[in-house]
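First up is the structure itself, then whatever we jot down about it.
The values are calculated or read from the model by the stated rules, or taken from the named source; none is laboratory data. All figures in this text were calculated on a predicted structure; none of them were measured in a lab. Cβ sites come from the backbone with ideal geometry, for glycine too, and all protein chains shown count toward neighbours. Only protein heavy atoms, including side chains, enter the accessible area calculation; ligands, DNA and RNA are left aside. Shrake-Rupley method; radii C 1.70, N 1.55, O 1.52, S 1.80 Å.
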Amino acid sequence: MGIFSKIKEGLSKTKNSFNEKLDSVIKAFRTVDEDLFEELEEVLIMSDIGVNTSMEIIERLRDTVLTKNIKEPETVKNELHEILVNILTEGTDSKIETQGTPAVIMVIGVNGVGKTTSIGKIAANYKKQGKSVVLAAADTFRAGAIEQLEVWADRAGADIIKQQEGSDPAAVIFDAVNYAKNKKADILLCDTAGRLHNKKNLMEELKKIYKILDRELPNSSKEVLLVLDATTGQNAVMQAKLFKEAADITGIVLTKLDGTAKGGIVFAIKNEYDIPVKLIGVGEGIDDLMEFEAEDFVDAILETEENA
Amino acid sequence: MAFESLAEKLQSTFKKLKGKGKVSEKDLKDAMREVKLALLEADVNFKVVKDFINSVSERAKGAEVLESLTPAQQVIKIVNEELVKLMGEKEEKIQISSKPPTIIMMTGLQGAGKTTTAAKLGGIFKKQGKRPLLCACDVYRPAAIKQLQVVGGQLQIPVFTVEGSTDVVDISKQALRHAELHSNDILIIDTAGRLHVDEEMMQELKNIKAEINPSEILLVVDAMTGQDAVNVAESFNNELDIDGVILTKLDGDTRGGAAISVRAVTNKPIKFCGMGEKLTDLEVFHPDRMASRILGMGDVLSLIEKAEQAFDEKKAVELEQKMRTQTFNYSDFLEQFEQMKNMGPLSQIAKMLPGVDARALENADLDDRKVLRVEAIIKSMTPGERELRDKITPKRKERIAKGSGTTVAQVNNLIKQFEQMQKMLKQFSGMNMNKKMKRLGKMGIPKNMGFPKF
Ligand SMILES: Nc1nc2c(ncn2[C@@H]2O[C@H](COP(=O)(O)OP(=O)(O)OP(=O)(O)O)[C@@H](O)[C@H]2O)c(=O)[nH]1
Ligand SMILES: [Mg+2]
């Protein structure tokens, strides 16, 4: 029972003309030739890995096939699998750090990607482990954002620190830090307003929030999680780049993997900025959050049935 | 990972052909590859790109590009034209129902921006003097109803809700009755975000549709969507037969290729685009502007078109030759000005150049009257002076000034400009178009400068 069965379930729901099954692609080939590489490249591009990264990956695959003198299309697929997993796991750790009292987890990203929902899920997860959790409602901008987080705090059984809509998010963070310190809370989870990465002043605001956390809790670990919607295309690379300039991103939460999008853009982000995926979202429910497993993720991208 | 513009890439693809004359089919294939990569980088769906490239190649193979002296520009032009054709050539509006209220249903994936967009739309109608009513049918996401109430309140648009109910068919039915009773002529229904593969949730939308029969079902799509846009759009369209699309978050820096994908698989128009978080940030969608954005070319296209209309290609080649052999003289300088005149006011043309700092332009004096003065001065020169055989001595300057009704200082000024331009042309002849543009931007536009061939 693969933990990704849920994703695969979602994926196999679409019998769409646009979804090519890699296996059928592979089966159409008797020998390893240029056409096979081209078809594989196409599968990668269609999962949002991006043209350049896809071409690089196929180039690596070509080299491997040549040096290992591989003749079987099926073996080629396994090699591709390995290359993809390597990119995602090379030199990084997908564990969430929780040192200090409280350990800080700050959640950032563009509008509507699933920040608040992910916070709700993460909070519930730590509560289940018996930890005390404080949520900071630092999205003071979007209408209904505070109420939304309140509902999640309630569902998870976490405390919430909030002010009025329109108040200074930095002030909310400051309050929440003090509250969490006094309460000796284990985890402080900070929600932030969605913002497009090309808005300078909003990114400055984020920097300010991060600085407060850094200054007020010098001995705590700080996880800065960038939430990415799996349906996002190449723009996610720009998101990673510019959010990283505002706050030191330590990992990615890849959401909405219960749809048909594959989230392949994380390869390019790992390649360029060495940011690992740490968590994935596979639904709107409180339990629909999982630790990232590169093997399963690549399986889902290549839609192979085996390791399921 | 900044995008290199397609124009730049094509320019370099064709650069090696300089002086070689005609473009071969192989060259064209290389160019098509660049187009393909550019579209993929912009997130246009792979299959859609393939089809598109096929049709563009067909057209380009015709004499148009192969014979052209400016193949890169020709390719860009064809690509752009085909793209605009694919995107729909004109702006499209919301259909107002003859029997009020006009019912608009917002649909889409989670986080696409339906709620904000519903309110923005309401705002647009309110401004037009209509009486919109918003209806909250997202009964799933925590505080979604509250969100609609707040944004509705900000715009002073009433929001219809049914406390505690999760029966969205019933809610929308009641909202319709409410609208009829309160003479609201527009009813906008906000629905919960859902996955296109979630059969139960898609059925819910079909149920609402069957019950209240909306005149517009709009699919809200995030402009940053990648390859999956085709799956989403195709499913929503198959299930609901949508009437149009709204593209959100276009104020970001995404190329927005999803616009093409969505249009290609649904053949439904994109009607509006979201340009920011403020409730007034919703604009009518312009297909042609989107095409340029996806290709990453700003207004370069309209500039090319203008230039094409104005420039005689044969003369352009002669000029290019002159630039190379460095025999550019006052007669050529004058000719440049005459061609520029055909293109319209200088200031307008300069503004279309990418990389030109608008502020630099304000200081630059692009007065068309000065162009006339330049003409007068050059026309008062002897053929020997114009073709650089005779050096323009102080005495000659006096004569020229008198003949043209100007002052010696003005003649000196022109000579200085000419020499400046000569120097610049020498540098330009080795550069590709984009660098030229950047160069121009950095320098600011020198006074009364004519432009070399594009
Ligand atoms: N299917 C699916 N939906 C999700 C997932 N994560 C979040 N969502 C939905 O996406 C929508 C947006 O989620 P939010 O958590 O409000 O996103 P956000 O990033 O906080 O949004 P803003 O604060 O407005 O920028 C909601 O409808 C969520 O239920 C996921 O993993 N799968
Ligand atoms: Mg939020």
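Data overview
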read-out: Single residue of the stretch A:109-132 satisfying the filter (crowded, with 24+ Cβ neighbours inside 10 Å and polar (S, T, N, Q)) that is nearest to ligand 2 (Cβ to nearest atom); value: A:Thr116
read-out: Some residue of the stretch B:111-122 being in contact (Cβ under 8 Å) with a residue 40 or more places away in the chain and more than 16 Å from ligand 1 (Cβ to nearest atom); value: yes
read-out: Residues of the stretch B:104-131 satisfying the condition of being over 30 Å from A:Leu228 (Cβ atoms), open to solvent by less than 10 Å² (accessible area, probe 1.4 Å) and not in a helix (DSSP H, G or I); value: B:Ile104
read-out: Complete set of residues in the stretch B:261-286 that are of a type in the set (A, V, I, L, M) and either in a loop (DSSP other than H, G, I, E, B) or within 12 Å of chain A (Cβ to nearest Cβ) (or both); value: B:Ala264, B:Val265, B:Met275, B:Leu279
read-out: Options B:Ala175, B:Ala136: the member that is closer than 16 Å to B:Pro214 by Cα, open to solvent by less than 10 Å² (accessible area, probe 1.4 Å) and either within 16 Å of ligand 2 (Cβ to nearest atom) or more than 14 Å from every other protein chain (Cβ to nearest Cβ) (or both); value: B:Ala175
read-out: Residue satisfying condition, being among the small types (Gly, Ala, Ser) and more than 23 Å from B:Gly276 (Cα to Cα), within set A:Ala246, A:Ala268, A:Ala230; value: A:Ala268
read-out: Residue satisfying all of: in the stretch A:251-274; among the β-branched types (Val, Ile, Thr) and within 14 Å of another protein chain (Cβ to nearest Cβ); nearest to A:Val85 (Cα to Cα) among these; value: A:Val266
read-out: Sole exception among (1) within 10 Å of chain A (Cβ to nearest Cβ); (2) on the phi > 0 side of the Ramachandran plot for B:Asp241, by number; value: (1)
read-out: Test: B:Ile145 is within 16 Å of ligand 2 (Cβ to nearest atom) and within 14 Å of chain A (Cβ to nearest Cβ); value: yes
read-out: Answer residue from the stretch A:182-199, given it is among the basic types (Lys, Arg) and more than 12 Å from chain B (Cβ to nearest Cβ) and is nearest to ligand 2 (Cβ to nearest atom) among those; value: A:Lys183
read-out: Long-range neighbours under 7 Å by Cβ, at least six apart or interchain, first residue in contact (Cβ under 8 Å) with a residue 60 or more places away in the chain within the stretch A:41-53, second assigned to a helix (DSSP H, G or I) and open to solvent by 20 Å² or more (accessible area, probe 1.4 Å); value: A:Thr53/A:Asn271
read-out: Residue within the stretch B:51-65 that is touching a Lys or Arg at 6+ places or on another chain (Cβ under 6 Å), modelled with pLDDT of 70 or more and in a loop (DSSP other than H, G, I, E, B) present; value: no
read-out: Tally of residues being open to solvent by 60 Å² or more (accessible area, probe 1.4 Å) and within 14 Å of another protein chain (Cβ to nearest Cβ) across the stretch A:151-175; value: 6
read-out: Count of the stretch A:232-249 residues which are away from ligand 1 (no atom under 16 Å from the Cβ), outside any helix (DSSP H, G or I) and either over 20 Å from B:Glu41 (Cα atoms) or open to solvent by 10 Å² or more (accessible area, probe 1.4 Å) (or both); value: 2
read-out: Filter result (part of a loop (DSSP other than H, G, I, E, B), closer than 20 Å to A:Lys270 by Cα and within 16 Å of ligand 1 (Cβ to nearest atom)) within the stretch A:83-114; value: A:Gly109, A:Val110, A:Val113
read-out: Candidate set from the stretch A:45-80 (those that are within 14 Å of chain B (Cβ to nearest Cβ) and under 11 Å from A:Ala268 (Cβ atoms)); member that is most open to solvent (accessible area, probe 1.4 Å); value: A:Glu56
read-out: Those residues of the stretch A:251-271 which are open to solvent by 10 Å² or more (accessible area, probe 1.4 Å) and out of contact with any Ser or Thr (no Cβ under 9 Å at 6 or more places or on another chain), in sequence order; value: A:Asp258
read-out: Number of the exception - A:Val227 against (1) under 26 Å from A:Val277 (Cβ atoms); (2) away from ligand 2 (no atom under 16 Å from the Cβ); value: (2)
read-out: Hits in the stretch B:223-245 (condition: acidic (Asp, Glu) and either in a helix (DSSP H, G or I) or surrounded by 24 or more Cβ atoms within 10 Å (Cβ to Cβ) (or both)); value: B:Asp228, B:Glu234, B:Glu239
read-out: Those residues of the stretch A:250-286 which are in a loop (DSSP other than H, G, I, E, B) and among the polar types (S, T, N, Q), in sequence order; value: A:Thr250, A:Thr260
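Here's the yes/no breakdown for (1) in contact with a strand residue (DSSP E or B) (Cβ under 8 Å, 6 or more places away or on another chain); (2) away from chain A (no Cβ under 13 Å):
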| position | (1), (2) |
| --- | --- |
| B:Glu163 | no, yes |
| B:Ile171 | yes, yes |
| B:Ala179 | yes, yes |
| B:Ile188 | yes, yes |
| B:Met201 | no, no |
| B:Ile212 | yes, yes |
| B:Ala223 | yes, no |
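Every residue, every condition in (1) β-branched (Val, Ile, Thr); (2) closer than 28 Å to A:Asn178 by Cα; (3) touching a helix residue (DSSP H, G or I) at 6+ places or on another chain (Cβ under 7 Å), yes or no:
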| site | (1), (2), (3) |
| --- | --- |
| A:Lys222 | no, yes, yes |
| A:Ala240 | no, no, yes |
| A:Phe243 | no, yes, no |
| A:Val298 | yes, no, yes |
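This table checks each residue for (1) under 11 Å from B:Tyr330 (Cβ atoms); (2) in a helix (DSSP H, G or I); (3) open to solvent by 70 Å² or more (accessible area, probe 1.4 Å).
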position	(1), (2), (3)
B:Arg373	no, yes, yes
B:Ile378	yes, yes, no
B:Gly384	yes, yes, no
B:Leu388	yes, no, yes
B:Arg399	no, yes, yes
B:Gln410	no, yes, no
